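Working notes for the structure below.
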Amino acid sequence: MTGDARLQGARVVVTAGGTREPIDPVRYLGNRSSGKMGNALAVAAARAGAEVTLITAAEPPRDLDGLHVVRVDTAEQMGAAVRGALPGARVLIMAAAVADYRPKRVSPRKIKKGTGTWVLELEPTTDILTSLRELPERRNVFVVGFAAETTDLLENAQEKVHAKGLDLIVLNDVSRSDIAMGADANEVTVIDRDGIVASVERAPKDAVASEIMRIVASRLR
């Protein structure tokens, strides 16, 4: 095991995958997130010596020393799991693609196909990072968000840094098929409140994750 001494024994919480918001017992609203980036970050943190809690709505990596997996489906479940894991954490990395909306009503039975138009009413989910801002347990946690964007990339990412009180945000241009959700490679820009910290060129996600963890470790006191 090798890694930065600042991560040795540190508790790191990582979220991964796209949440699934139920419509009925067999259907859900989801997104294209595979969980690969979040898994790679959790593995990189564990290999650096951290005690990692991976909260995931996707298939987790194989068993690894120092890695504890919490499986969830919905945004509400993920938010509860994050709040439960936050006390004592040193780093929180929100790599999951959490749904912005969920069906306002969930049918207890399968909705049968009809011939007419089906209108699905949606309501916003709770923004997990925003909901954590005032928690006492959040104060000493180094928080990293992710911004999966297709337009106005830097502007949108910078706005999220300030709006959600983040220490860093990882910007990913998901309009590119070679680094979009589900791809095996990624290319990211790491941003803080003052601007761009680093640009990580296209590489396999495990290599990108290792570089992100190196940057995070360098920021820890």
For this session: Filter the stretch 84-103 down to residues that are charged (D, E, K, R) and under 14 Å from the mean Cα position of the chain (by Cα), then give me how many there are.
Result: 1
Problem set entry | Residue ranges of strands (runs of 3 or more DSSP E) in the stretch 147-219 with at least 3 members farther than 26 Å from L132 by Cα | 185-192, 195-204
For this session: Within the stretch 47-57, count every residue that is surrounded by 23 or more Cβ atoms within 10 Å (Cβ to Cβ) and part of a loop (DSSP other than H, G, I, E, B).
Result: 3
For this session: Take the residues in the stretch 108-139 that are among the hydroxyl-bearing types (S, T, Y) and in contact with a Lys or Arg (Cβ under 9 Å, 6 or more places away or on another chain), then tell me which one is surrounded by the fewest Cβ atoms within 10 Å (Cβ to Cβ).
Result: T130
Exercise. Quick one: in the stretch 16-41, which of the residues that are basic (K, R) and over 16 Å from A180 (Cβ atoms) is surrounded by the most Cβ atoms within 10 Å (Cβ to Cβ)?
Worked result: R20
Exercise. Of the residues T130, T126, which single one is under 24 Å from S34 (Cβ atoms) and touching a residue at least 12 places away in the same chain (Cβ under 8 Å)?
Worked result: T126
Problem set entry | Yes/no for L7 being modelled with pLDDT under 95, hydrophobic (A, V, I, L, M, F, W, C), in contact with a strand residue (DSSP E or B) (Cβ under 9 Å, 6 or more places away or on another chain) and surrounded by fewer than 18 Cβ atoms within 10 Å (Cβ to Cβ) | no
Problem set entry | Residue list for the stretch 20-39, restricted to those being touching a strand residue (DSSP E or B) at 6+ places or on another chain (Cβ under 7 Å), farther than 17 Å from A95 by Cβ and not charged (D, E, K, R) | P22, I23, Y28, L29
Seminar exercise, completed: By residue number, the members of the stretch 86-107 that are crowded, with 18+ Cβ neighbours inside 10 Å, among the charged types (D, E, K, R) and either free of Cβ contacts under 8 Å to residues at least 60 places away in the same chain or under 30 Å from A45 (Cα atoms) (or both) are R90
For this session: Tell me which of these T117 doesn't satisfy, since it passes every other one: (1) without any contact (Cβ under 8 Å) to a residue 12 or more places away in the chain; (2) in contact with a strand residue (DSSP E or B) (Cβ under 8 Å, 6 or more places away or on another chain).
Result: (2)
For this session: Can you confirm whether the stretch 113-134 contains a residue that is in contact with a helix residue (DSSP H, G or I) (Cβ under 6 Å, 6 or more places away or on another chain) and among the hydrophobic types (A, V, I, L, M, F, W, C)?
Result: yes
Exercise. What is the number of the single condition among (1) over 18 Å from G35 (Cβ atoms); (2) at pLDDT 95 or above that V144 does not meet?
Worked result: (1)
Problem set entry | Filter result for the condition that a residue is closer than 30 Å to V26 by Cα, among the aliphatic types (A, V, I, L, M) and touching a strand residue (DSSP E or B) at 6+ places or on another chain (Cβ under 8 Å), over A157, A148 | A148
Exercise. Looking only at residues in the stretch 58-85 that are of a type in the set (A, V, I, L, M, F, W, C), part of a loop (DSSP other than H, G, I, E, B) and in contact (Cβ under 8 Å) with a residue 24 or more places away in the chain, which one is farthest from N172 (Cα to Cα)?
Worked result: V72
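The values are calculated or read from the model by the stated rules, or taken from the named source; none is laboratory data. None of the values given here were measured: they were computed from a predicted structure. FYI the Cβ positions are ideal-geometry reconstructions off the backbone, even for glycines, and counts take in every protein chain you see.
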